[in-house]
4 protein chains.
Amino acid sequence: MPELSLAQAEIIADETLKKGREIKAKPLTVVVLDQGGHYKVVKREDGCGLLRADIARAKAWGVLGMGQAGRELARRAESMPVFFTGLAAISGGKLVPLPGGVLIHTPEGELVGSVGVSGDLSEVDEQCAVHGIKAAGLVPETGE
Amino acid sequence: MPELSLAQAEIIADETLKKGREIKAKPLTVVVLDQGGHYKVVKREDGCGLLRADIARAKAWGVLGMGQAGRELARRAESMPVFFTGLAAISGGKLVPLPGGVLIHTPEGELVGSVGVSGDLSEVDEQCAVHGIKAAGLVPETGE
Amino acid sequence: MPELSLAQAEIIADETLKKGREIKAKPLTVVVLDQGGHYKVVKREDGCGLLRADIARAKAWGVLGMGQAGRELARRAESMPVFFTGLAAISGGKLVPLPGGVLIHTPEGELVGSVGVSGDLSEVDEQCAVHGIKAAGLVPETGE
Amino acid sequence: MPELSLAQAEIIADETLKKGREIKAKPLTVVVLDQGGHYKVVKREDGCGLLRADIARAKAWGVLGMGQAGRELARRAESMPVFFTGLAAISGGKLVPLPGGVLIHTPEGELVGSVGVSGDLSEVDEQCAVHGIKAAGLVPETGE
């Protein structure tokens, strides 16, 4: 039964932050959610801004909420700004359409959760999340 | 007094989803509201994103909230984006101006409720809702 | 992979309401949630009060939120009233500790979702939910 | 300036959960907050209810919010239930007065953050939190 375990989520979070240190990213926050959009792991690095955990959650929750990865949401938000303003309200601030929100699939293709990273440029955030997911033997979907 | 019955709402919801399968739409969520804006029926297909029920509700609630169908709201939102940003907040996230929010009238022209569909492109969502309403012997108003 | 399907949720909801009619319960609303606490099906019978869908959701969501069934929550709420007032706020009104919130397990014992029923006495609500879950070949946990 | 580091918060969280497994507690969620009440670490064990992360946060946030540890808040809540109902609303659901919300001090006595644990009986939750804080070389204040 594919369900994201705490052990897997720990690997994802730790490897995400490890990649951040390796590429000298700014202090990051990483959030790993299960398929239902609930926290498995949150880690906020020292010096990372106060809102970063909520932004990282909104990246991660948003991709599960819409069933579309961060880059796809970002593209759609550019062409439909009013709709995405509405989504911010509908979701109670739990959705933001940005790279760095990445869906997690099993190698067999089943959706098991998502990762959100915030702290540096969205592309850097995303790079770290992708590394983390792969390090756990799972498959990232960025929307690229 | 014409009031939308659960039996009618069931037909609308079932036929909406049936049309979705027929045209190979992505997994859909359908919400049917009565004239007071309260749930009669919600159905979320397997694999449909976590926020889709709230989006479908916002499509359906919004058209009752404004007394104008989804396409009309969408046109107005383009020319009055700040107003619709305000509406998102005023309604507490219960309104989104998009095709796929469809008013339900009796053949005699009385308003009895609304349908909201979310999951695929708004035009596809709307097509399914229109089919569902007609299948129940009622009259859809899309705002076209 | 045990995941509550829309087809299963439909059986649960329909059989819940069928039992309600059979025992001449007041008009009911039934909500079926998946394991993540998200709507699969909502059905509100004609004449059922405006808040019933939110109450039924709070019964269903609350048992998933706490991992404890409705009767157990009701017993705990009696001895810990301040805590449960806090839970109402923490959950944003998504939890109410009452019979009629029933966990759904597979025959193998895996948690796959929950049912909430509201409209009549809590014991009557629960009786209908239990019947619905069994009719779908699944196993209810009421907390008794 | 003493500030709770991610490295310390990780030790606290890991040792909290390790103690939980050792004493065969139910699945737990542990939240570690910095002095400003913001997430450093969240870990939710497999099988732990959906609301547990928010409850653990409310235990942890509440002790920082009031500057009093969980057992002290619990005693006060018994004698002042209306006040604590107000606090639940004032804090927007970010406070619950229960054992298992533990203040973290340095050996020199400076407040650096808090821990909240939820999943088992409050006394068990607290026992695990106390172990975790001590394992990091820090000093727990439970309000006893």
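A few remarks follow.
- When each of D:Phe84, A:Phe83 is scored by the number of other beta-carbon atoms lying within 10 Å, the sequence from fewest to most is A:Phe83, D:Phe84.
- Relative contact order (percent, whole number), chain B, Cα cutoff 8 Å, 6+ residue spacing: 31 percent
- In chain D, the beta carbon lying closest to the axis that superposes D onto C belongs to the residue given here with its whole-angstrom distance, D:Thr85, 4.
- Förster radius 30 Å - calculated FRET efficiency between C:Lys134 and D:Arg75 (Cβ-Cβ, nearest 0.05): 0.10
- Take the Kirkwood radius over Cα pairs of the protein assembly as shown, plug it into Stokes-Einstein at 25 °C and 0.890 mPa s, and you get 101 µm²/s for translational diffusion.
- For chain D, the membrane-span-like helices by this rule, meaning whole DSSP H stretches whose C-alpha atoms cover at least 18 Å of axis and whose Kyte-Doolittle mean is -0.5 or above, are D:52-66, D:122-135; this says nothing about an actual membrane.
- Given in Å, the Rg to one decimal and the Dmax to the nearest whole number for the Cα atoms of chain B are 13.6, 39.
We did not get these values from a lab; they are worked out from the coordinates using the rules stated. Here the structure is a predicted model, which means the values were calculated and not measured. Cβ coordinates were reconstructed from backbone atoms using ideal geometry, including for glycine residues, and neighbour counts include every protein chain displayed.
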